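Structure, as structure tokens:
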Amino acid sequence: MTNKIVDHYEKPGMGKAILNALIMQGIDIKKLKPENLYSLDQFHTRGIVGTKDQASLTEPNETMHILDIGCGIGGSARYLAWTYGCRVTGIDITKSFIETAKLLTKKCSLDHVIDFKKGDATDLPFDNDKFDMVWCQNVSMNIERKDLFYKEVARALKPNGRFSSSEYALGRGGSPYYPLPWARGTQESFLISQEEMRLYTEGSGLEIIDWIDKSKQILAVAPRALKILEDDDAGLQLVAGEDIATRVSNSTKSMLHGHIENIMMVAKKPL
Ligand SMILES: C[S@@+](CC[C@H](N)C(=O)[O-])C[C@H]1O[C@@H](n2cnc3c(N)ncnc32)[C@H](O)[C@@H]1O
């Protein structure tokens, strides 16, 4: 099952293509800043706005070491390190995403505070009780073994550490419209209901602090977000694929019809 996920995301040569696109936009890649990349490195709902919203719930600080699970090309890792001065480790199962994350982070001169590793969220290559915060955005929909995922999140967190996550859940309207940003069909998509998500979170020993349904907020900005993608100056196509506007449109329609919902949550590992 894992290979289907990797096949869905893998894009060899993506790093070079992104740098060329930046040069074409007149950006000096020798003086690259994280914000130069926000239009293409935030592969999740509401892009950088969603990242800022999620970060505001947990108040990261410079003493923290954060693990970003399913970090993609490292956009949120760079945002967190750049904005809050924390250390970040990113892990992702897709090789070209990790290669691109490393390349762009070096170009932003943030490689002394951020490192990336290829690996699987259901079998994290880290010691117990290591991170002050585990961060995750639009990843769990791709993970079939939810039990292992939540167990690994709880294991990797220090006692009193926070799990900060934004994910899609299955609504009551039935199966969503495919293809979606995270899956071309049901073989890559493992959506569960909000109730099941809560059970897995609490079943792993974590205590839920915040549980916010963001669906209405997302639908309110969806037409504008889609227009940007259709006009394509953002460059997200280079990361997410040529048909990302169609897939985002299906995601919006699925949410509008009650097939999917979007959750932002914070949970705590007890002391
Ligand atoms: C929609 S993208 C989101 C990327 C990133 N979190 C962001 O918001 O920009 C989903 C990411 O999850 C990663 N992923 C999916 N299943 C994974 C797993 N089992 N372990 C680690 N990463 C995984 C994919 O490779 C992809 O980079």
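Here are a few things to note about the model shown:
- Some residue of segment 88-96 being touching a helix residue (DSSP H, G or I) at 6+ places or on another chain (Cβ under 7 Å), near the ligand (Cβ under 10 Å from one of its atoms) and farther than 23 Å from residue 154 by Cβ: yes
- Single residue of 148, 104, 80, 110 found to be away from the ligand (no atom under 13 Å from the Cβ) and surrounded by 16 or more Cβ atoms within 10 Å (Cβ to Cβ): 110
- Any hit, segment 79-87, residues being within 16 Å of the chain's Cα centre (by Cα) and within 26 Å of residue 8 (Cβ to Cβ): yes
- Filter pass, residue 125 being under 18 Å from residue 45 (Cβ atoms), out of contact with any Phe, Trp or Tyr (no Cβ under 8 Å at 6 or more places or on another chain) and open to solvent by 10 Å² or more (accessible area, probe 1.4 Å): no
- Test: residue in segment 36-50 that is out of contact with any strand residue (DSSP E or B) (no Cβ under 7 Å at 6 or more places or on another chain), in a helix (DSSP H, G or I) and over 26 Å from residue 183 (Cβ atoms): yes
- Only one of the numbered conditions (1) within 12 Å of the ligand (Cβ to nearest atom); (2) part of a helix (DSSP H, G or I); (3) crowded, with 16+ Cβ neighbours inside 10 Å is violated by residue 3, and that is (3).
- Any chance residue 177 is away from the ligand (no atom under 15 Å from the Cβ) and aromatic (Phe, Trp, Tyr): yes
- Extreme residue, farthest from the chain's Cα centre (by Cα), among residues of segment 128-145 that are touching a residue at least 60 places away in the same chain (Cβ under 8 Å) and open to solvent by 10 Å² or more (accessible area, probe 1.4 Å): 130
- Taken over segment 182-193, the criterion of being more than 16 Å from residue 136 (Cβ to Cβ) and either in contact with a strand residue (DSSP E or B) (Cβ under 8 Å, 6 or more places away or on another chain) or more than 11 Å from the ligand (Cβ to nearest atom) (or both) is satisfied by 184, 185, 186, 187, 189, 193.
- Residues of segment 30-47 satisfying the condition of being more than 10 Å from the ligand (Cβ to nearest atom) and open to solvent by 30 Å² or more (accessible area, probe 1.4 Å): 30, 31, 33, 35, 36, 38, 39, 46
- Of the criteria (1) among the aromatic types (Phe, Trp, Tyr); (2) in contact with a Pro (Cβ under 9 Å, 6 or more places away or on another chain); (3) closer than 24 Å to residue 23 by Cβ, which one residue 116 fails: (2)
- Only a single item in (1) out of contact with any helix residue (DSSP H, G or I) (no Cβ under 9 Å at 6 or more places or on another chain); (2) free of Cβ contacts under 8 Å to residues at least 40 places away in the same chain; (3) away from the ligand (no atom under 13 Å from the Cβ); (4) farther than 29 Å from residue 223 by Cβ is not met by residue 59, and it is number (1).
The values are calculated or read from the model by the stated rules, or taken from the named source; none is laboratory data. Computed from a predicted model, the values in this text were never measured in an experiment. Backbone-built Cβ (ideal geometry, glycine too); neighbour counts: all protein chains shown. Ligands, DNA and RNA are stripped out before the accessible areas are found, and what is left, the full protein with its side chains, is counted by its heavy atoms. Shrake-Rupley method; radii C 1.70, N 1.55, O 1.52, S 1.80 Å.
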